[in-house]
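Working notes, beginning with the structure itself.
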Amino acid sequence: MTESNWSVPETEVVQRVHDHLDSDGTGVLATIVDVEGSAYRRPGAKMLLDDEGGVGSITAGCIEDDLLAAAESVRETGRPDRVTYDLMGDDADDVWGLGVGCNGVIDILLEPLDETYRPAVEAFDAGRDVAVLTVLSADGDERIGDDGNGRVGDDGNGRVGDDGDDDSENSDVPERLGDRAYYYPDERGLRLSDGSSADAWPAEALSGPAADLAERGSADVVTVEGPDGRTLTVFVDGIAAPDDLVVFGTGHDVGPVVELAERTDFRVTVVGFRGAVDLESRFPEAHRTVTTSPGTLDDALDVDDRTHAVVMTHNFVDDRLAVETLLRSDAPYVGLMGPRERFDEMLEAFDDEGTTFSEAELASLYTPVGLDLGGGSPYQIAHSIVGEALAVSNDRTPGHLRQRDGTIHDRVDVDAPPSP
């Protein structure tokens, strides 16, 4: 695979999956379902494997080439598989000869990409949170042995927890590796890929973890008792809709912000106020462009608690009108370009008009915008701005990782209540 395909953002991986579903290709979706120890990516990280190679990343490049070979087997059989890579210390050297030593064991689910995955990408495109629930095993672990290449696979029939005969009275009963259902937080219910209710699934036991993980955009393995008394091990993959970043301005300094924000999984909208600039041509990487007036932002934009904003029109009046609207909104981050004294002037103008803001409203304002990285070139400034927006989006206080106690990535551990 190429470096450019490896480094694409998650939003593009999902879009490629969507495009693949609309084509005649035979793709395989690789998803990390469990990690023991340390690894480059966490559960839920995805990679699309097709005839042309791979798109996305689940490690720093240690196993992606081998996954292409494993995916070929899945493509030929049309059945999902689980493979495990042990990259811990000397074992990784013995098996792979790579010297990677990531100190982690990575469990990966490989699935033929078919229509059962369409609800996930359609929810993502619509800005809707969703949890994808995929059966890993029923009454035991389907991984029966090492194949001699550092991988462990299933029993070869793609089924888990039964005798090999498909005599179930209800084909919706989750019993096979890869059986899937969906949870939509706005509906609070479990559904199959065709939209029907997943009555044969232990919905009550799975809905709590699914709702939590969908909102957080995290993933975890959950074990519950199924309606037929069997123990189900289910991978619950919370896919949160991407956060929005709205950039107000049309100057050349907007371009690097748009480019970096899109590559870090923000869905970027560029807003211009004069109409003299072809926004789509100037900012081709933006997800959307809007031309409006500062006084009608409420009509042109839907700003909620997952909308982050950067105001950089370099026009005092336009900036002031945009900031006023944004501070009254639910946006958790409003970054304003310019020195602190400039906002002091804005406050004086607001005060002259009789406009005041509460402490809670002002808490979302970040001015001067950006982290203190010391750089002054356009891309250095853009890194500073996007980094600050990411920190707010991820509920982090920026700092050096060497000063962080504990793991770099928060560990997810969701317990499911017992089924009735």
Members of the range 343-393 that are under 22 Å from F316 (Cα atoms) and of a type in the set (F, W, Y): F343, F350, F357, Y366
Among the candidates G249, G275, residue that is surrounded by fewer than 16 Cβ atoms within 10 Å (Cβ to Cβ) and under 23 Å from R320 (Cα atoms): G275
Can you spot a residue in the range 100-107 that is at pLDDT 80 or above, of a type in the set (D, E) and under 22 Å from the mean Cα position of the chain (by Cα)? yes
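A quick yes/no check of all residues on (1) among the polar types (S, T, N, Q); (2) assigned by TED's automatic domain parsing to the domain that holds S393; (3) not in a helix (DSSP H, G or I):
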| position | (1), (2), (3) |
| --- | --- |
| L213 | no, no, no |
| P256 | no, yes, no |
| E259 | no, yes, no |
| V271 | no, yes, yes |
| S281 | yes, yes, no |
| A286 | no, yes, yes |
Flag for A389 being modelled with pLDDT of 95 or more and under 21 Å from L260 (Cβ atoms): yes
If I filter the range 172-191 down to residues being under 20 Å from V33 (Cβ atoms) and outside any strand (DSSP E or B), which single residue comes out as modelled with the lowest pLDDT? E175
Residue, surrounded by the most Cβ atoms within 10 Å (Cβ to Cβ), within the range 210-229, restricted to residues that are over 17 Å from the mean Cα position of the chain (by Cα) and not aliphatic (A, V, I, L, M): G226
Have a look at T296, T291, T313, T325 and point out the one that is over 24 Å from N394 (Cα atoms), in contact (Cβ under 8 Å) with a residue 24 or more places away in the chain, over 28 Å from the mean Cα position of the chain (by Cα) and in the same structural domain as T397 (by TED's automatic domain parsing). T313
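The values are calculated or read from the model by the stated rules, or taken from the named source; none is laboratory data. This one's a predicted model, so the numbers in the text were calculated from it and none came from an experiment. For neighbour counting, all protein chains shown are included, and Cβ atoms are generated from backbone atoms with ideal geometry for every residue, glycine included.
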